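No lab work stands behind these numbers, since they all come straight from the coordinates. Everything quoted here is computed from the prediction, not taken from an experiment. Glycine also receives a Cβ, built like all others from the backbone with ideal geometry; neighbour counts cover every protein chain displayed.
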């Protein structure tokens, strides 16, 4: 006899309590995916009995999480800016703090023009690039990443959301080989130090996290190359570790003298994005 929803949720919660900080929520998410119903429906129907197939799907996904695979990678998708994005274990899981880049870009775009040329460096799943194409219908977006596997996922997400015609995905090491200038550049590059990474129980691709000895290896390379890549009136948005804020601001001011360099805070009021505005571009 297969278990009811109520029993399945409690069993999954107990198994997950030593694996996650939110075992009840994660159990609901896994069961929701297994039976194809919203979480609210599960909670309203605890007596509903799972089919054999649904029980097998739940067991398989639960086993993967218990084996150390991140929940979003088990599900194969995760939400970003209100939309679902496909994932694989070759890309970083989209995080809420990265939505700040999109918010800032959408706010700045009208000051740049109706058809901005946007570059998303280190695109990963393509969540930022695809979201900007959706939020800014006149924009053309170039999404680049050093990982060919990541670019496959980015292309799939662009196709899924109907913007493949305006989101070009290319393999590149930062700005190498790319032809500018760009009106708006976004980058969520690795910024965890190699030493810190060794101490973390990482369940995501290290290539997408390892920022080198000081966490700024890739960011410093990108900032030094920005002058040739940005248009006259343009902006660059760089996600950072809050502890790196002063150093990245200093880099930007040295490499782009005359530009306005500011910090934008995330919902936790931590410095999260370095905002560079060139050519007298106004913020509002």
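Normalised by 2.2 N^0.38 Å, where N is the number of residues, the C-alpha radius of gyration of the range 1-117 stands at 1.34.
Please figure out what share of the DSSP beta bridges in the chain is antiparallel and state it in percent, rounded to the nearest 5. Show your work: numbers first, answer last.
Values: 17 of 37 bridges.
Beta bridges within the chain, antiparallel portion: roughly 45 percent.
Against the main long axis of the alpha-carbon atoms of the chain, helix 5-16 sits at an angle near 60°. Which label belongs to the value computed from this structure, given these candidates for Rg and Dmax of the Cα atoms in Å: [x] 18.7, 68; [y] 20.8, 71; [z] 19.9, 66? This structure yields the entry labelled [y]. The long axis of helix 217-229 is offset from the longest Cα principal axis of the chain by roughly 50 degrees.
If I take R0 = 30 Å and measure r between the Cβ atoms of residue 15 and residue 146 in this structure, what FRET efficiency does the formula 1/(1 + (r/R0)^6) give, to the nearest 0.05? The partial results should precede the final answer.
Working: r = 37 Å, r/R0 = 1.24.
Computed FRET efficiency for residue 15 and residue 146: 0.20.
Computed from the alpha carbon atoms alone, the convex hull of the range 68-163 holds 86 Å³ per residue. Taking only the alpha carbons of the range 5-68, we obtain Rg and Dmax values of 10.7, 30 Å in that order. Listing 136, 200 from fewest to most neighbouring C-beta atoms within 10 Å gives 200, 136.
Taking the alpha carbon gyration tensor of the range 182-255, multiplying each eigenvalue by 5 and rooting it gives semi-axes of 25, 13, 9 Å, largest first.
Going by how many other Cβ atoms sit within 10 Å of their own, how do 1, 185 line up, fewest first? Walk me through the numbers before you get to the answer.
Values: 1 4, 185 26.
The fewest-first ordering by Cβ neighbours comes to 1, 185.
Per residue, the Cα convex hull of the range 153-284 amounts to 145 Å³. Estimated purely from DSSP H runs of n ≥ 4, each contributing -39500 (n - 2.57), the mean residue ellipticity at 222 nm for the chain is -12500 deg cm²/dmol once divided by its residues. Seen against the Cα atoms of the chain and their longest principal axis, helix 99-112 is set at about 40 degrees. Among 277, 253, 243, the ranking by other beta carbons within 10 Å of each residue's beta carbon, starting with the fewest, stands as 243, 253, 277.
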